[in-house]
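Notes for the one structure printed next.
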């Protein structure tokens, strides 16, 4: 049990076919008590209930500082600690550069980048008091390669911002026993692809990936367990590519 006695908070984790819930399930299997944070409409309590009795769902938009702070306070009241934070919440939009409106920009940057900052800010005091913690930020291969398959340039910018923010936090908090790392997924087969890519297009993309397939949510979940566990005790400021080799330099 790699995460026995750990408390893990996962944002955007209520979608049962998404990266967040796959991570929640994998962390629970490794002994963590898992908190799923998501919008009320996503029903995070129901998602947490699927994991078992010892887990918890809390409602908050990661863009709302007061709601995030209140949700984290609920977690600390119940469990008394937070050992792992997975900043997973994010949205994407298929836009070309000249078509990105101010509201498009605000929506994508607020969830992926501002949300990562706000939830990290809420959790960090507890980790500082414990002198330990692991923050895992979900970025994207699109931040590294200059665009992805679905997201527009503002999505790439948001996810590149996550990389910079995570590295800066890693440098700031390492001395306090808090590690901050990033995962950059490639194209993962989640609900976000439904209706956007044909099976033929998916097969074409898979042919460009050295491992010959799109990723599974469980591929990201396993990497999160590694970064949340003591197996990665000397890793901070790391960007871990989980993309089947599509970004081999």
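Structure data summary
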read-out	value
The one condition in (1) surrounded by 15 or more Cβ atoms within 10 Å (Cβ to Cβ); (2) modelled with pLDDT of 95 or more; (3) farther than 27 Å from residue 232 by Cα that residue 112 fails to fulfil	(3)
From the options 136, 149, residue that is surrounded by 22 or more Cβ atoms within 10 Å (Cβ to Cβ) and over 15 Å from residue 91 (Cβ atoms)	136
Residue ID - surrounded by the fewest Cβ atoms within 10 Å (Cβ to Cβ), chosen from residues in segment 75-86 that are out of contact with any helix residue (DSSP H, G or I) (no Cβ under 8 Å at 6 or more places or on another chain) and outside any loop (DSSP other than H, G, I, E, B)	77
Entirely in segment 1-74, the strands (runs of 3 or more DSSP E) that have 1 or more residues that are free of Cβ contacts under 8 Å to residues at least 24 places away in the same chain and buried (at least 16 other Cβ atoms within 10 Å of the Cβ)	56-59
Helices (runs of 4 or more DSSP H) contained in segment 87-163 and holding at least 2 residues under 18 Å from residue 182 (Cα atoms)	115-130, 142-145
Failed item, numbered, when residue 91 is tested on (1) surrounded by fewer than 17 Cβ atoms within 10 Å (Cβ to Cβ); (2) farther than 14 Å from residue 8 by Cα; (3) more than 15 Å from the chain's Cα centre (by Cα)	(3)
Pairs with Cβ under 7 Å, 6+ apart, first in segment 178-196 and under 26 Å from residue 232 (Cα atoms), second at pLDDT below 80 and outside any strand (DSSP E or B)	187/149
Odd one out for residue 197 among (1) within 25 Å of residue 97 (Cα to Cα); (2) modelled with pLDDT of 95 or more; (3) buried (at least 17 other Cβ atoms within 10 Å of the Cβ)	(2)
Of the criteria (1) surrounded by fewer than 19 Cβ atoms within 10 Å (Cβ to Cβ); (2) touching a residue at least 60 places away in the same chain (Cβ under 8 Å); (3) part of a loop (DSSP other than H, G, I, E, B), which one residue 236 fails	(1)
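The values are calculated or read from the model by the stated rules, or taken from the named source; none is laboratory data. Every value quoted in this text rests on a predicted model; they were computed, and no experiment measured them. Glycine also receives a Cβ, built like all others from the backbone with ideal geometry; neighbour counts cover every protein chain displayed.
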